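What follows is calculated from the coordinates using simple rules that are stated; it is not laboratory data. None of the values given here were measured: they were computed from a predicted structure.
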Amino acid sequence: MTTRPVRGTAAIAVASLLLAGCGSLPFVGGGEDSPSPTTTPPRQVEPYVLDDEQAARTIPEPLPGWDRSQVDDTPTRWRKTDPAECIDVLLLGQPRRDAKAMQSGRAEAGATTGSGESLRVLGITVESHEQPLDPALLDRAEQALPQCSAFAFYGEQAGAQLDERISAEPLEVEPVGQQSLGIRKSLQSSAAGGEQKTYYLDTLAVRDGNTFVVVTLTHTDPGTDLSPLRTTAQEVIAAVPEAAR
């Protein structure tokens, strides 16, 4: 297995921008209106509580043809969106803040395959909590999607001001865990030679008992194979009981 840095590529820059909320740094959201409740599947899950080391053990080896890569941990001081409710589409709203307040363990990893135009970057974040997660974490993101087909994203990262226009839409992925949500985010960015290119960040977020898993796939092909999202998320969820021992 090869570990290689991919920092500096356009795809990783996009992933870093939109994945900033997966870290433990401060963030600023928009309004905090209460959402309408949604029903979650009546599946019972043991309340496994993992520390950092145990959370890391749930992350699977890279899929065949993929190489482990370094995770971009560039600090981001703050983030906000316009409309304000789109902060929930980025999983940065009040429910995520509440979850982070009771976080017991966290781990992340990355993997890449291909190069140049065919480069695909997989990101995995696993977070464990002292208590079961509130369904509102994903409910609010799903409810905000119709208002966030196009929105502005602002922040500060590595001393630079961020001002991006992002599109978001539902992403159809087979369910995983107690509750899951697929989201496709995209933005335009300048490639080599000044050509405008669309970068996609496909996200599968999974809530399962005390565990929250976010798997992302960054790429430039709207028809790319999405199976790594679900396969990876399923492997993480399946590994939680063993990691808790």
If the viscosity is 0.890 mPa s and the temperature 25 °C, what Stokes-Einstein diffusion coefficient in µm²/s follows for region 118-245 when Rh is the Kirkwood radius over Cα pairs? 153 µm²/s
Taking a cut-off of 18 Å between Cα atoms, list the aspartates and glutamates near Lys100, but don't count ones fewer than 8 places away on the same chain. Glu32, Asp51, Asp52, Glu53, Asp73, Asp88, Glu108, Glu127, Glu130, Asp134, Asp139, Asp208
